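Visitor: Dropping the structure in here first, questions after.
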Amino acid sequence: MKAPAHINSENALAFSGILITLLVGSLNAYTVFGTPVFLAVALLCLAQLVCFSAFVLLAGLTRPTLLCLFWLEAVCISALFTLVPASSIGILSIVWIVQSAELFGSRRGTWLSLACLSLFACAQFFHLGSTYLLQIAANVAAYGTLMMFALSMVQRNIRESQLREQTASLNRELIATRELLSQTAAQSERLRIARDLHDILGHHMTALILNLEVANHYVEGKAQEKVEQSQALAKLLLGDLRSTVSELREEIPIDLQQSIDRLTAGIPNFDIDVDFSSAPAINSVELAETLLRCTQEAITNVLRHSSGDHCSIELRGEGDHCILSIRDNGTPDKHVEAGNGLKGMTERVAASGGKVSWQQNEDGFNVQISLALEGAR
């Protein structure tokens, strides 16, 4: 039986984290109930719970917002370390370290865990004093081990998620390429059949007409009448054959939109609009492949570097050129540097005599590719 769409591993982990945060916060607030710090501890636990819940549940938050929530949690946890003597408050730091690995990666997460353990050790020494050094060391070792275990599990999940995304992306690219190759193969097959009809049947029909022309001079009466009829039929058949060859040689436009639809299908948590309403006819295989590869690279860049959740792909004609535009609604970044993706795209387009331009504005990032319709034939 298939589970509902809203029940998945990510949601389960998010709600588990919220439940742990709620229970630990409630338990530690209860331990200081009736003391002067109770209200402060309760408010700090509530603030940390709210920040964590917003971090894991609210979709579409920008990275600056996530960082703000993350460091607010750090302030709350640090304050709780100094106010609550119970060592169980360290569980909140483990949840926080898991978030750090998701934001910064395992290397920076390790450094943050060491800093967090140091703060926890100092807080425990402040509460327990030098008499309980062995207990403090045991608490720090236990929470340090749990932090390392949590970091390794998060890193493993991140790698698995990246591998799944890469596999899905490769699968979409293969399907799109197969779609384009099938159209290219069909076009090549039509051309081969046209050549065979012209070179074989056409020549034989011409030879037959010439032989009938010669035979017409050696027969009389009803035989001559039949020869003339056969000659007329042969000429009519040759004309039909030439018309068929001409039709087969006509270039059928490549359905590039179908290939791009295959490329963009099934991308999770991202909305992509494809507009080919003003697209010109693409007859060149080289031109279609260049446009497909550029679209593929642009989508990859959007998924990797953009903080947006929407992308539009438009192909339109302007005179003897076709213009491909890929726009996203990501957060503006004033320092846009061309990476390997944009450089490779520029080189590919330049080899076909076109040009690539990009710009960042308040609406997001826009890549525009201009190619001559006849230049790639």
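Visitor: To the nearest Å, what is the center-to-center distance of the stretch 186-226 and the stretch 50-109, using C-alpha atoms only?
Guide: About 84 Å separates the Cα centre of the stretch 186-226 from the one of the stretch 50-109.
Visitor: A follow-up question, please. How large is the dipole of the stretch 185-249 about the Cα centre if only Lys and Arg carry +1 and Asp and Glu carry -1, each at its Cβ, rounded to the nearest 20 debye?
Guide: Rounded to the nearest 20 debye, it is 200 debye.
Visitor: Note the count of lysine pairs whose C-alpha atoms are less than 27 angstrom apart in the chain, limited to pairs 8 or more residues apart or on different chains. Don't jump to the answer; show the numbers that get you there.
Guide: Details: Lys222/Lys235; Lys226/Lys235; Lys334/Lys343; Lys334/Lys355; Lys343/Lys355.
Final tally of qualifying lysine pairs is 5.
Visitor: Got a sec to turn the phi values of the stretch 112-117 into Karplus ³J(HN,Hα) couplings, 6.51 cos²θ - 1.76 cosθ + 1.60 with θ = phi - 60°, whole Hz, x for Gly and Pro?
Guide: 5, 5, 5, 5, 5, 5
Visitor: Contact order normalised by length for the chain, with contacts defined as Cα pairs under 8 Å and 6 or more residues apart; what percent is it?
Guide: Relative contact order for the chain comes out at 10 percent.
Visitor: Counting GluC sites (Glu not before Pro) as exposed when in a DSSP loop with at most 15 other beta carbons within 10 Å, what is the longest stretch of the chain free of them?
Guide: 1-219
Visitor: At q = 0.09, 0.20, 0.22, 0.23 Å⁻¹, what base-10 log of I(q)/I(0) does the Debye formula yield for the stretch 253-372 when every alpha carbon is treated as an equal point scatterer in vacuo?
Guide: The computed values of log10 I(q)/I(0) come out as -0.22, -1.15, -1.37, -1.48.
Visitor: Give me the base-10 log of I(q)/I(0) for the stretch 26-110 at each q in 0.27 Å⁻¹, Debye formula, one uniform scatterer per Cα, rounded to two decimals.
Guide: -1.34
Visitor: Now for a separate question. For the chain, the longest stretch holding no chymotrypsin sites (Phe, Trp or Tyr not before Pro) located in a DSSP loop with at most 12 other Cβ atoms within 10 Å is which? Let's see the in-between values first.
Guide: Working: sites that count: Phe33, Tyr218.
So the longest stretch without any such site is 34-217.
Visitor: OK, next. Which three extents, in whole angstrom, do the alpha-carbon atoms of the chain cover along their principal axes, largest first?
Guide: Result, largest extent first: 132, 47, 29 Å.
Visitor: If you take the charge dipole of the chain about its Cα centre, with +1 on Lys and Arg Cβ and -1 on Asp and Glu Cβ, which of Gln124, Gln99, Phe55 is farthest toward its positive end?
Guide: Ranked along the dipole, the leading option is Gln124.
We did not get these values from a lab; they are worked out from the coordinates using the rules stated. Here the structure is a predicted model, which means the values were calculated and not measured. Methodologically, a virtual Cβ is constructed for each residue, glycine included, from the backbone with ideal geometry; neighbour enumeration extends over all protein chains shown.
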